[in-house]
Amino acid sequence: MLESIINPVVAFVLSLVSQLGYLGIFIGMVIESSFFPFPSEIILIPAGTLVAQGELSLGLVFLMGLLGSLAGALINFFLALILGRKTIDLLLSKYGKILFLNKEKLIKSDTYFQKHGEVTTFVGRLIPVIRQLISLPAGFSKMNLFKFCLFTSLGAGLWSLILISIGYFFGANSIWFSQNTDLITLSILLFVVIIIIVYVLYNKKNKRS
């Protein structure tokens, strides 16, 4: 049932991206960063391949990916900030299936945010599932807007650059890419772990100082 709903939406977004070019990339990334669990991989990896073929500009693809991600994140942030946790919980209980969300996913992202602090708006952009929802607990906690935009942009920018690079260097070899998706995912997660460790050590050093 869920696939019958998602697949036409995915096809529609991909069609939109191909027809509108840079604007399509922006719109697709706005959708990806908001409630709908649309994978950014199927937007930016093909875009990276088109960059390698000289059909798109690297700078503009990266900029549209970054701005789209930030815009989608801000939608979630302000929804959480304005509506509050109780209202969001109520909406999820009534319309969660339509929004492809549930309380368990929200609790997971909320716990992650409370445990690791504001830096999760950066690191969370690199983690599946958390990536789309990390803006909600940031809004619930009334995180400073400048910090939110800064950390979100850094994380979204890094994630966009990773996906564009994959498309740029490996897009022409789709067989290699399909055979090594687990390795690519593991490498990204390892990179995230390294970032978290560096951040924790940096915080401990500052507290001792």
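Can you tell me which condition residue 68 does not meet? The list is (1) at pLDDT 90 or above; (2) closer than 22 Å to residue 139 by Cα; (3) surrounded by fewer than 23 Cβ atoms within 10 Å (Cβ to Cβ), and all the others hold.
Condition (3) is where residue 68 drops out.
Just checking, which of 136, 158 is in contact with a helix residue (DSSP H, G or I) (Cβ under 8 Å, 6 or more places away or on another chain), closer than 21 Å to residue 45 by Cβ and modelled with pLDDT of 75 or more? Break it down stepwise before answering.
Numbers: 136 fails: closer than 21 Å to residue 45 by Cβ.
Selected residue: 158, the only one of 136, 158 that is in contact with a helix residue (DSSP H, G or I) (Cβ under 8 Å, 6 or more places away or on another chain), closer than 21 Å to residue 45 by Cβ and modelled with pLDDT of 75 or more.
Condition (residue is within 30 Å of residue 143 (Cα to Cα), part of a helix (DSSP H, G or I), over 20 Å from the mean Cα position of the chain (by Cα) and at pLDDT 85 or above) applied to the range 75-82: is it met by at least one residue?
Filtering the range 75-82 down to residues within 30 Å of residue 143 (Cα to Cα) leaves 75-82.
Checking which are part of a helix (DSSP H, G or I) leaves us with 75-82.
Those left that are additionally over 20 Å from the mean Cα position of the chain (by Cα): 82.
In the following step, the residues that additionally are at pLDDT 85 or above were identified as 82.
Yes, there is a match, as at least one residue in the range 75-82 is within 30 Å of residue 143 (Cα to Cα), part of a helix (DSSP H, G or I), over 20 Å from the mean Cα position of the chain (by Cα) and at pLDDT 85 or above.
Residue by residue, here is whether (1) surrounded by fewer than 21 Cβ atoms within 10 Å (Cβ to Cβ); (2) of a type in the set (Val, Ile, Thr); (3) within 19 Å of residue 67 (Cβ to Cβ); (4) at pLDDT 75 or above holds:
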residue: 1; (1), (2), (3), (4): yes, no, no, no
residue: 10; (1), (2), (3), (4): yes, yes, no, no
residue: 15; (1), (2), (3), (4): yes, no, no, no
residue: 24; (1), (2), (3), (4): yes, no, yes, yes
residue: 38; (1), (2), (3), (4): no, no, yes, no
residue: 48; (1), (2), (3), (4): no, no, yes, yes
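Among the residues of the range 102-115, is any surrounded by fewer than 20 Cβ atoms within 10 Å (Cβ to Cβ), hydrophobic (A, V, I, L, M, F, W, C), more than 15 Å from residue 74 (Cβ to Cβ) and modelled with pLDDT of 70 or more?
Scanning the range 102-115 turns up no residue that is surrounded by fewer than 20 Cβ atoms within 10 Å (Cβ to Cβ), hydrophobic (A, V, I, L, M, F, W, C), more than 15 Å from residue 74 (Cβ to Cβ) and modelled with pLDDT of 70 or more.
Take residue 167 and tell me if it is over 13 Å from the mean Cα position of the chain (by Cα), modelled with pLDDT under 80 and within 20 Å of residue 25 (Cα to Cα). Reasoning before the result, please.
Details: over 13 Å from the mean Cα position of the chain (by Cα): yes; modelled with pLDDT under 80: no; within 20 Å of residue 25 (Cα to Cα): yes.
When the stated conditions are applied, residue 167 does not pass them.
The values are calculated or read from the model by the stated rules, or taken from the named source; none is laboratory data. Because the structure is a prediction, the values reported are computed rather than measured. Ideal geometry is used to build each Cβ from the backbone, glycine not excepted, and the neighbour counts take in all protein chains shown.
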